[in-house]
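Below is one structure, written out as structure tokens; comments come after it.
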Amino acid sequence: MQLVVVGAHQRTAPISIRERIAFAEADLAQALNTLGQIAVEGFILSTCNRVELYALVAEADGGRSLRQFLAQQRFIDLDELMPHLYTYIDDDAVRHLFRVASGLDSMALGEAQILSQIKTAYNAAQQTELLGTTMHRLIQAALTTGKLVRTETQLAHAQLSVVSVGLSLARQHIELSNRSVVIIGAGRTGELALKHYLEHTSNITVLSRTFERAARLAEHHKVVAKPMSELMATLQASDVVISCTSSPELMLDLEQAQALQAQRQCPWVLLDLAVPRDIDRHIGALADVWLYDVDDMQAICERNRASKAAEVAGAETIVERELVKWQEWWSTQAVLPTIRALRAHAEAIRLAELERALARLDLSEQEQAAVSALTSAIVNKLLHQPMRAIKDTAASPQLAHAAQQLFRLDFEAIA
């Protein structure tokens, strides 16, 4: 078995590529079912900044099948996609996921939203029955690592996020006090944006394709909710727009923006936090319009990363510490079939010899039980040290192989 991750993120692929390979929530079930044809276990992590396939595969091919799967699923030529992809295998794959969960690989260093995104990926894979013992353990270990980094370091304190960076960009162009802010999308990013902007203005309107969701969010924070049918009218009166839906379609195209801005004739800040993008990129060329997408925020986030070198080093130490724990567990899993086969082999001999002996002896049921318990205790004591050595030492793989050869273990008998 081999653990493999294949993916692309904000530092390897521009948004023009990431939006083409992103998996919408509605696409995940079908994609995971297809992934199950090439992977024993797996899950898909798709966010605004990354798309990654994690898989436990029976045939080691260096990630080739996963790269082909991604290209075929997203209808993109593999040759076009290859320069933007990375591949990690076994320990490197585990280390990568631990760094992702810790916020070390995020555009906004230390951001916490990635933990909920990993949980979402976990739940989606669980529903399609693509999670087994290994991936379940891997994801739980990653979440634990992420939480440890956030509690044992200052990495996430005063953290940046794409929302807070967008807020800083908006304030460069507009004084936000009492300005009209429109948030398109009522998911986690939309709620985070709402909390940030409430510190500057209460004139906020939330819209969502599911009005009930927008209404619940707006009611909780005492702002206004409107249905998507009123989007254009709402944008007409807006000063700042934050769009963060998971829609494959544009929320605002160039023609619509031109018509709105012709009537508005005032500064307009548009923050597109969605992947695929919600706002036509050409709108940024209009007069008095400032349009930013997630890639535009990269430089600010990189400056923040450079200022936290000491915290990054502490977080990397935690990642390596948790990786050692994973390696210990993983090595145990590799030899478990041998341990089970060795015990089954010894038990089969014990039962056969016990049956032969009892047939020659005239013993009561109580005496037979005592003899059976005695033979079981002898076998357990004989097996204890060899099995412990196979399970707990650095030479486990070699010892397991030796046991297989010495006892001619039958793995099919315990399958």
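The values are calculated or read from the model by the stated rules, or taken from the named source; none is laboratory data. Bear in mind that the values here come from a model prediction, so they are computed numbers and not experimental data. Here the Cβ is made from the backbone with ideal geometry for all residues, glycine too, and neighbour counts use every protein chain on show.
Listing for the model above:
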read-out: Inter-residue pairs, beta-carbon under 9 Å, first under 13 Å from A31 (Cβ atoms) and in the range 60-71, second assigned to a loop (DSSP other than H, G, I, E, B), 6+ apart; value: L66/I38; L66/A39; F69/Q37; F69/I38; F69/A39; L70/I76; L70/L85; A71/D77
read-out: Residue pairs meeting the criteria (Cβ under 6 Å; at least 6 apart or on separate chains; first within 17 Å of Q236 (Cα to Cα) and outside the structural domain of R18 (by TED's automatic domain parsing), in the range 246-257; second surrounded by 19 or more Cβ atoms within 10 Å (Cβ to Cβ) and of a type in the set (A, V, I, L, M)); value: M251/I184; L252/I279; L254/I283; A257/I283
read-out: Residues within the range 236-266 that are touching a His at 6+ places or on another chain (Cβ under 6 Å) and either not aliphatic (A, V, I, L, M) or not in a helix (DSSP H, G or I) (or both), tallied; value: 0
read-out: Lone qualifier among L78, L70, L53, L66 - being touching a helix residue (DSSP H, G or I) at 6+ places or on another chain (Cβ under 8 Å) and under 25 Å from W330 (Cα atoms); value: L53
read-out: Search result, residues across the range 1-38 that are among the charged types (D, E, K, R) and under 14 Å from the mean Cα position of the chain (by Cα); value: E25
read-out: Answer from H136, H173 - the residue that is within 30 Å of N33 (Cα to Cα), surrounded by fewer than 21 Cβ atoms within 10 Å (Cβ to Cβ) and over 11 Å from the mean Cα position of the chain (by Cα); value: H136
read-out: Residues located in the range 217-237, provided they are more than 20 Å from L270 (Cβ to Cβ), in contact (Cβ under 8 Å) with a residue 12 or more places away in the chain and of a type outside the set (A, V, I, L, M); value: H221, K222, P227
read-out: Yes/no for I318 being crowded, with 18+ Cβ neighbours inside 10 Å, closer than 22 Å to R137 by Cβ and modelled with pLDDT of 85 or more; value: yes
read-out: Residue match in the range 278-289 (condition: outside any helix (DSSP H, G or I), in contact with a Ser or Thr (Cβ under 9 Å, 6 or more places away or on another chain), farther than 24 Å from I21 by Cβ and not assigned by TED's automatic domain parsing to the domain that holds R50); value: no
read-out: Flag if T205 is in a helix (DSSP H, G or I) and under 20 Å from L252 (Cα atoms); value: no
